[in-house]
Each structure stands twice: as C-alpha cells, then as structure tokens.
Amino acid sequence: MTDPAPDLVPVTLLTGFLGSGKTTVLNNLVRQPELADALVIINEFGEMALDHMLVAHSTENLVMEMSNGCVCCSIRHDLVKTLRDITWRYSRNGERWFKRILIETTGLADPAPIIHTLMTHPRIAPQYRLDGIVATVDMGTVMDTLDHHQEAIKQVAMADALLLTKSDLVAEERRGPLLHRLDAINPAAPRWEVRDGEIAAHQVLGLGLFDATGKTPDVARWLNEASYAVQSTHAHAHEHEHEHGQHHDENRHDDHIRAFCFTIEQPIAEDSLTNWLELLADFSGSNILRVKGIFNIEGTARPVVVHGVQHVFHPPVTLPAWPSEDQRSRVVFITRDVSRELKDFIERANHVLATGALS
Ligand SMILES: Nc1nc2c(ncn2[C@@H]2O[C@H](COP(=O)(O)OP(=O)(O)OP(=O)(O)O)[C@@H](O)[C@H]2O)c(=O)[nH]1
C-alpha cells in the first residue's frame, strides 16, 4: 500500500457534453486564487479553436491541444505528449511552477481513455494523479442529450461532482424529473447549481483522497454511500434503482446504468483485497464504469482506499486515519448494462472480498 503522495501533480478533468458550459466554468475558475498556479489544458476537436480565446487565463498558463481524427485516440496521444513535455516547457529556473492541472475535454470525449492514460501510462502515472472528474450538465438540454449520446451518460456516471448549468433556462416543474434522472445515473456525486459559470474553486478541487495539507480526506463525500441507501448487513449489495411505479422508455441508455454499494462488517484480510483487485483487473468488460472502496484491513488501524475506472485501478492508498466512527469496509460500483454475467461477477468479487477465496 502506498501513502498519499502529495508530490504528484493533481489533475482535474472538466468534462461535459457539447455546449454544456465547460468553458464558462473554466473561465470563472481560473480567476480564482486557488487556480493561480494551475496549468490549464484545453482539448479541442476539429478545426475551430475558439475556446482558448474565451478563457481569461494568462496565455502562459494555457496549453491548447488541437485534435483531429478519432477523438479518443488523438486525445490520448496528445495528452501523453503534452503532459510529458510540460514539465520542461513550463519550468522557471529549472523548476516546474505549476502546482495543479485542469484539463477541459472536448464535449464528445469519453472520459475513460483520458483517465486511463493518467493512471497507467508509464511516463505519466508516476508524475500525476487524478484529483477528480467534474462534469457540467446543461439543465436545459440534458434530457435530450442523455437520450441520444452515450458519451454524455458516461461523463455524468463517472463524475465526482456535477455542475448543473443553465438552470435559469429550466421551468421549475421540469427540475424534478431531471434531477431524478441524474439520481439514477450517478446518485453519489455532489451537485452544484452553477449560473453563468459561477462556482467556488474549492467545490471542484480536492475531490480525490489526497490532501496535501495533511488533513484527513473527506471520504464521506468521496464515497457518499448514504446515497445508495446502504443498510448495514454482512457483504450485502444494495442496488440503486429507479423508484417503483416509474415508467421509462426501455431504450433509454441511462436506464442501463446501475449503482451498487456493498458493506462488509468484519475487517478483511489483506490477501482478500489483493485477490479482489486481481479479479477486477482481469475483468475484460468496460461495463464497470467506476469502483470506489474504503477497506478495514485486519491488524491495521488505518483504512485503505482504492478507486478504479473500468478495470484500471489506482494503487491502494493508506489514509492517515479513519475519517469517521464508521470503520466498516464499503465498496461502490457504478455499472452499465447489468447483465446476469456482470451481476454474477460483482457477486463473486464481493465474495472474494469477504472471504478471500478466489473460487
Ligand atoms: N443562460 C445561461 N447560459 C449559459 C450558462 N452557462 C453557460 N451558458 C452559455 O452556454 C453557451 C455554451 O457555453 P460554453 O461554456 O461555451 O460551453 P462548452 O461546454 O465549453 O462548449 P463546447 O466547448 O462547445 O463543448 C455559451 O453561450 C454560454 O454563455 C448559464 O448558466 N445560463
């Protein structure tokens, strides 16, 4: 297990569908003192690179990436190159001056490949860590967007925080169904209503579990397992479902998203966690969108946290202390297209965690 590594540069990913207000938010964020030492990377797709003109950041602190070709491949390639080069390109007197990075992705991006690059690339992972995924959601168009665009659902499902933009354009009676729909996709992420990009930097920074100030990280917020209506039982799963009696169009993509939370009462063996991580890493499907867990390991006083995007996991991190009285192990899965096979797999993973037995 590793200790939280304050020397890794935190990276915040700002995602959200086309026109959902990312640049407006970014523009507001970069004026705040917390982001004075941030390097901003804007990834634009296609011919028209306009976003950077809208961002009121010193051009010294701004990197524009232009992508053509396949969104996912070119983003991955460009990002690796940019992140590799910026340490020397943006150093003063031989020292890197920026303390954090903010990446605005193109609205069509699936965030997963970008996150995988940050977490696994041999030249990138040792230098950077994902601080959080923030997704803007245009309240005016989100229903339609979610109906038609898988990427938008993935952006919402994977986010650590949702910024609900343009609420001024939404009639009061439309808000309920809209929030309900977001509940079904990502019940745990905190949501902030944002008018014309106005959001305090501290609400979108430090969403991960590392805290350079040495404070105990806010695991409760990170895991937010209360939103899954967890009742304490032994290794028991609770599925976050739509409310009964609700009728949805069967073909709606986001009806395929489910969130599960497991709680394990007894401390678990370290081997169980190792086996569990191996099992998940071997899982070949991409239908596990996000996994987060906090673990009480036998014989240790400090909790271990793990988080993964699809089958890629950050190395487990030992926190300085338990953040609250609750010292049970808890795991959250956000999944897509929950087939019988996927359910069986999650059950098996759960069993491995509770017992350590791989079969
Ligand atoms: N009414 C209203 N308009 C907003 C709000 N936030 C952003 N907008 C407008 O929405 C439009 C799109 O905002 P952008 O910030 O460019 O969106 P984006 O996600 O960066 O767009 P792409 O880069 O094209 O994906 C702009 O005209 C903004 O002025 C809001 O809270 N209310």
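Coordinate-derived values only; no laboratory data. Small disclaimer: the values here were computed from a predicted structure and weren't measured. Using ideal geometry, Cβ is built from the backbone for each residue, glycine included, and neighbour counts are taken over all protein chains shown.
Counting only residues at least eight positions apart within a chain, or on another chain, the lysines with an alpha carbon under 22 Å from that of residue 292 are 154, 215, 343. Sorting the segments 130-141, 172-183 by their mean number of nearby beta carbons within 10 angstrom, highest to lowest, gives 130-141, 172-183.
Sorted on the mean count of surrounding Cβ atoms within 10 Å across their residues, most packed first, peptides 268-280, 103-115 read 103-115, 268-280.
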